[in-house]
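**Student:** One structure coming up, written as structure tokens, with questions to follow.
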Amino acid sequence: MRPFRLIGSFMRASFQEDAAYRTNFFISLFTSLLNLLTGVLGILVLFGQIDSVHGWTLASTLAVLGVYLVVSAVRGLFISPSFDSLSGMDGEIWSGAFDFTILRPVNAQFFASFRKWRLFALLDLVLGVGVLVAAVIQLGVVLSVWQVLFFLFMLVVGMSILYAILLIFAALIFWSPGVLFTWVFDGLFQMARYPANIYPGWLRMVLTWIVPVGVITTFPARALTDSITPVELVVSMLLAAALLVVASILFRVGLRKYASASS
Amino acid sequence: MTRGIFTPSRGGWALIRSTWLSWMQYRSFFFILAFGWMIPPLIYLLVWSTAAGEGSISGMTRGAFVAYYLILILVNQITYAQTNWTVGDLIRYGQINKVLLRPIPPLYDALASEFAGKVVYLVFVVPILVILAFVLKPELDLTLLNALAFIPALIFAWALRFFWGYWLALLAFWATRADALLALQDSLVFLLAGQVAPIALLPGALKTLAVILPFRYMVAFPVEVITGQLTRPEMLTGFAIQVGWMVAAVILYALLWRYGLKRYSAVGG
């Protein structure tokens, strides 16, 4: 259980850093609420004009937003803070501080992925779960334990895909210090606020299988309404596994290329 | 520190030129920023045009939504107030000292990055919009009157958003975390400036708010003018409110600048 103990101490250390800036808490709360408000109002305005788009109703679209908020919260909780400390001109790889990271007696990928936590993101998590609950109530379905488990499973598949993509971007830093890939991805990821099926055909395919941001949010939401086909289930699991393997290999190759920052 | 705020000078143009050259060096960075700003309206373009399908929503067909949002993306890029963030940071980190020491009004510094930025963004955005227009086939009934009215509406929208952003940024003289207000402002622009939906489609109370508050006049108003969504009286009232808010923003900017500078002492000085 060593990894969990380590994660616990990473969380404690990050929390102590954050607790020094207490006003940031209120500002985070404020921006989280704004984010929630604009997301929900956007959907309400759309469905105030129309009952359904390509079979998506207010309730099921709200479920996608809920998943989007939850996934973004988990990303903001540790994935982004951890990877952000590597990238950029003041990041560890550019400055050479990464030396101290790889000297530690833990797996480098594990350490690079879990070491920084932004516990304020738990607020976003709570709000996201709130939207999900509201969506399920709106849907008017009674979920069985299996459905909830299946939903959580799809959520984990989606999160793994997101994690793998972000790890690939983090690994690319070994070749160039740019953070530009992540920004382009963030732009596309915003599209995952809405069900992939709401977009025109060609874009739906791109968002589902090429830049699979649709799988990350649309599939878990569809799990709630039992509309995932077995083929989609298998393909999305394979996609997650393949991306995780590729990302991990790329990170290792990049690690071997790392030659510190001495002149 | 008394200085004419609006006196033009040769130094001003030199600064604008040099800022532009330095921005062109970081093209790819700004292209990515422009890409990021394009995405939200693009999402709503796709969502609304899919929703309209073969029919229409409140009188807007698929093609009308495409035209509305493509023009909105352009207007949003032209009027986007980057000074919102940069001026506040300059004050917080004390780097505004450098700007204050120059023998030209500090407003030029903001104007310089404004022009430099806008040109760089447009180099990226215009070709993309042209391609999108070919793919998505907008429908636009352009009348000469609407096209002519679009020009002042766009200029006022830019000036309003620029000075509005500037006065908000100047709050950094008083509060170090004024950027929370900027986040609020971004959300309001998103909701009430015609991005999430054309103003005409907003539900009752939001629509009234949108017409009264300044945000519609920063982005949506010029778009509504050129796409012919407004009747003649609506257009005239729109211009009146827009100019009113613009004057208010300039006055706020001038006041806050004067009192803020008196309060200001550089970090670590």
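**Student:** Check B:Gly244 against each of (1) within 15 Å of the chain's Cα centre (by Cα); (2) at pLDDT 90 or above and name the one condition it does not meet.
**Tutor:** (1)
**Student:** Suppose the filter is surrounded by fewer than 21 Cβ atoms within 10 Å (Cβ to Cβ), closer than 16 Å to B:Leu256 by Cα and more than 15 Å from the chain's Cα centre (by Cα); does B:Ala147 pass it? Walk me through how you get there before you give the answer.
**Tutor:** Details: surrounded by fewer than 21 Cβ atoms within 10 Å (Cβ to Cβ): yes; closer than 16 Å to B:Leu256 by Cα: no; more than 15 Å from the chain's Cα centre (by Cα): yes.
Considered against the rule, which asks whether it is surrounded by fewer than 21 Cβ atoms within 10 Å (Cβ to Cβ), closer than 16 Å to B:Leu256 by Cα and more than 15 Å from the chain's Cα centre (by Cα), B:Ala147 comes out as no.
**Student:** Considering only the stretch A:240-248, I want to know if a residue exists there that is within 14 Å of another protein chain (Cβ to nearest Cβ), of a type in the set (Ser, Thr, Tyr) and either assigned to a helix (DSSP H, G or I) or under 20 Å from A:Val70 (Cβ atoms) (or both). Break it down into steps so the answer makes sense when it comes.
**Tutor:** Going residue by residue through the stretch A:240-248, those that are within 14 Å of another protein chain (Cβ to nearest Cβ) are none.
No, the stretch A:240-248 has no match at all.
**Student:** Out of all the residues in the stretch B:97-110, which are touching a helix residue (DSSP H, G or I) at 6+ places or on another chain (Cβ under 7 Å), of a type in the set (A, V, I, L, M, F, W, C) and at pLDDT 75 or above? Working first, answer last.
**Tutor:** Our first condition is that a residue be touching a helix residue (DSSP H, G or I) at 6+ places or on another chain (Cβ under 7 Å); within the stretch B:97-110, this holds for B:99, B:103-104, B:106, B:108-110.
Applying the additional criterion that residues be of a type in the set (A, V, I, L, M, F, W, C) yields B:99, B:104, B:110.
Residue satisfying the conditions is B:Ala110 alone.
**Student:** Moving on to the next point. Those residues that are surrounded by fewer than 16 Cβ atoms within 10 Å (Cβ to Cβ) and of a type in the set (S, T, N, Q), I need them from the stretch B:34-59; list them, please. Even if it seems obvious, please write down each step before you answer.
**Tutor:** Applying the first criterion (surrounded by fewer than 16 Cβ atoms within 10 Å (Cβ to Cβ)) to the stretch B:34-59 yields B:36, B:53-56, B:58-59.
Hits for the stretch B:34-59 are B:Ser56, B:Ser58.
**Student:** Further, regarding this structure: Where residues in the stretch A:205-227 are surrounded by fewer than 19 Cβ atoms within 10 Å (Cβ to Cβ) and not hydroxyl-bearing (Ser, Thr, Tyr), which of them is farthest from the other protein chains (Cβ to nearest Cβ)?
**Tutor:** Step by step, filter the stretch A:205-227, then rank; the result is A:Asp226.
**Student:** If I filter the stretch A:152-169 for residues that are over 15 Å from A:Val64 (Cα atoms), within 14 Å of chain B (Cβ to nearest Cβ) and in contact (Cβ under 8 Å) with a residue 24 or more places away in the chain, do I get at least one hit?
**Tutor:** Within the stretch A:152-169 (the criterion being over 15 Å from A:Val64 (Cα atoms), within 14 Å of chain B (Cβ to nearest Cβ) and in contact (Cβ under 8 Å) with a residue 24 or more places away in the chain), the answer is yes, since at least one residue qualifies.
**Student:** Select from the stretch A:193-202 the residues that are assigned to a helix (DSSP H, G or I) and buried (at least 18 other Cβ atoms within 10 Å of the Cβ) and write down the one among them that is farthest from the other protein chains (Cβ to nearest Cβ).
**Tutor:** That would be A:Ala196.
**Student:** Need the failing condition index for B:Ala205 against (1) within 14 Å of another protein chain (Cβ to nearest Cβ); (2) in contact (Cβ under 8 Å) with a residue 40 or more places away in the chain, just the number.
**Tutor:** Checking B:Ala205 against (1) within 14 Å of another protein chain (Cβ to nearest Cβ); (2) in contact (Cβ under 8 Å) with a residue 40 or more places away in the chain, the one that fails is (2).
**Student:** Next question. Quick one: in the stretch A:64-101, which of the residues that are acidic (Asp, Glu) and modelled with pLDDT under 80 is surrounded by the most Cβ atoms within 10 Å (Cβ to Cβ)? First the steps, then the outcome.
**Tutor:** Going through the stretch A:64-101, the residues acidic (Asp, Glu) turn out to be A:84, A:90, A:92, A:99.
Cutting the leftovers down to modelled with pLDDT under 80 gives us A:90, A:92, A:99.
Details: A:Asp90: 10, A:Glu92: 19, A:Asp99: 13.
Across the stretch A:64-101, the extreme among qualifying residues is A:Glu92.
**Student:** Please work out which one of (1) closer than 18 Å to B:Phe190 by Cβ; (2) facing chain B (nearest Cβ under 9 Å) is the condition A:Leu33 fails and give its number.
**Tutor:** Result: A:Leu33 fails condition (2) only.
**Student:** Can I ask one more? Can you tell me which residue among A:Thr61, A:Thr23, A:Thr38 is surrounded by fewer than 14 Cβ atoms within 10 Å (Cβ to Cβ) and within 10 Å of chain B (Cβ to nearest Cβ)? Steps first, answer last, please.
**Tutor:** Details: A:Thr61 fails: surrounded by fewer than 14 Cβ atoms within 10 Å (Cβ to Cβ); A:Thr38 fails: surrounded by fewer than 14 Cβ atoms within 10 Å (Cβ to Cβ).
From the options A:Thr61, A:Thr23, A:Thr38, the qualifying one is A:Thr23.
**Student:** Please report, ordered by residue number, the helices (runs of 4 or more DSSP H) entirely within the stretch A:102-192 with at least 2 residues that are exposed (fewer than 14 other Cβ atoms within 10 Å of the Cβ). Write out each step before concluding.
**Tutor:** Numbers: elements: A:108-114, A:121-139, A:145-172, A:180-189.
The helices (runs of 4 or more DSSP H) meeting that bar are A:121-139, A:145-172.
**Student:** Since B:Ala175 meets every condition but one in (1) buried (at least 19 other Cβ atoms within 10 Å of the Cβ); (2) of a type in the set (Gly, Ala, Ser); (3) within 14 Å of chain A (Cβ to nearest Cβ), which condition does it not meet?
**Tutor:** Failed condition: (1).
**Student:** Could you give me the residue pairs with C-beta distances under 7 Å whose first residue belongs to the stretch B:40-56 and is among the β-branched types (Val, Ile, Thr), whose second residue is not in a helix (DSSP H, G or I) wherever it lies, and which are 6+ apart or on separate chains?
**Tutor:** B:Ile43/A:Tyr194; B:Val47/A:Tyr194; B:Thr50/A:Val53; B:Thr50/A:His54; B:Thr50/A:Tyr199; B:Thr50/A:Pro200
The values are calculated or read from the model by the stated rules, or taken from the named source; none is laboratory data. What you are looking at is a predicted structure, and each value in this text was computed from that prediction instead of being measured. We place every Cβ from the backbone using ideal geometry, glycine too, and count neighbours over all the protein chains shown.
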